[in-house]
Structure formats: structure tokens, C-alpha cells
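Working notes for the structure below.
The values are calculated or read from the model by the stated rules, or taken from the named source; none is laboratory data. Quick caveat: nothing in here was measured; it's all calculated off a predicted structure. When we count neighbours, we look across all protein chains shown, and the Cβ atoms used for this are built from the backbone with ideal geometry, even at glycine.
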């Protein structure tokens, strides 16, 4: 931002360019409970059929005896796949699709704006694990602040990978 200040003129700290992704990208497959105001999700390297199906199995395990209506947004490669639709039917999950160009109807979008602002904006993480920790810290802070830390969706968390070293 241009302007006149009394601070010494120095070079700004530059963030690395994002066109080289040596460690690949990851997707945050998130679920938002509208009634409980609880946000949680899982990180996956892709948004393919297997990864999304696993996330929905984990979601059903969080709510074993409740009827679930899930608003599907940004799953264009998966949401009309016959295997995925059969899985939803077996899990007794009722999909609800957002109309084209109407993601503002999806209540999770407002939660993502805040999540991105506090965890992704102006950051330069060296690894995916740092990003995971930052998102987890924000979600812990959010749920402690709202007083809903004891929610069924908290079981959605995946166990951390264990690194084995060769001796």
C-alpha cells in the first residue's frame, strides 16, 4: 500500500510463489452442522470418489441414528457418480445439491471465509502438516469459544500419520 510514513524504507518480505508445488496440494473436505454450529473436516490429497466416500463414511459414524441431509457443493466430479449415489443410499444420507452459481445458499461458505482468513491468508507454510496444525488450532479455538467442544462431529478427526524410521 502506497503512502508516506516515518519508518525506514526496507524491502518487503516476499512470500514464495505458488506456481511450484513440490509437495502437491491437499483438499479440506469439510462438514458443517447447522444446528450445532460445528465445523470439522478431513484433509485429503485428492477429491476423488474414494476420498469423498471415506469422508462420508466417517460422517455417518458421527451420527449413527440420525437422519442426515447433506448439502453438496464443489463435488462436481463425484456427486453424480453411481457408486457415490449408491453409497449415500446405503448410508441413509440424503444429498441436497446447490443450484449452479448459487453457492451463497450453502451455509458453510460463510464459515470458510472466516477459516481462510484466519488460517490461510498471508501465510507461507513449508509443509502440509503446518497448515493442518493451523486449521486444527483455529477449529479448537472456534469451538471452545462457542462452547460446543463436545459435539458428535469431533469424531471426524483422522489419526495422525505415524512416521517409521529405518534403523
Residue list for region 3-31, restricted to those being on the phi > 0 side of the Ramachandran plot and at pLDDT 75 or above: 24
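When you scan region 129-142, do you find a residue that is exposed (fewer than 11 other Cβ atoms within 10 Å of the Cβ) and at pLDDT below 90, even just one?
No, there is no match, as no residue in region 129-142 is exposed (fewer than 11 other Cβ atoms within 10 Å of the Cβ) and at pLDDT below 90.
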- request: For region 79-86, state whether one or more residues are out of contact with any strand residue (DSSP E or B) (no Cβ under 8 Å at 6 or more places or on another chain), in a helix (DSSP H, G or I) and touching a residue at least 12 places away in the same chain (Cβ under 8 Å).
  value: yes
- request: Provide a single number: the residues in region 15-53 that are without any contact (Cβ under 8 Å) to a residue 12 or more places away in the chain and surrounded by 13 or more Cβ atoms within 10 Å (Cβ to Cβ).
  value: 0
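Could you tell me how many of the residues in region 108-128 are under 14 Å from the mean Cα position of the chain (by Cα) and either part of a loop (DSSP other than H, G, I, E, B) or without any contact (Cβ under 8 Å) to a residue 60 or more places away in the chain (or both)?
9
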message: Against the condition under 23 Å from residue 45 (Cα atoms), at pLDDT 90 or above and not in a helix (DSSP H, G or I), how does residue 70 come out, does it pass?
response: yes
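Got a sec? Which of 87, 91 is farther than 21 Å from residue 38 by Cβ, modelled with pLDDT of 85 or more and surrounded by 14 or more Cβ atoms within 10 Å (Cβ to Cβ)? Walk me through how you get there before you give the answer.
Working: 91 fails: farther than 21 Å from residue 38 by Cβ.
Answer to the selection: 87.
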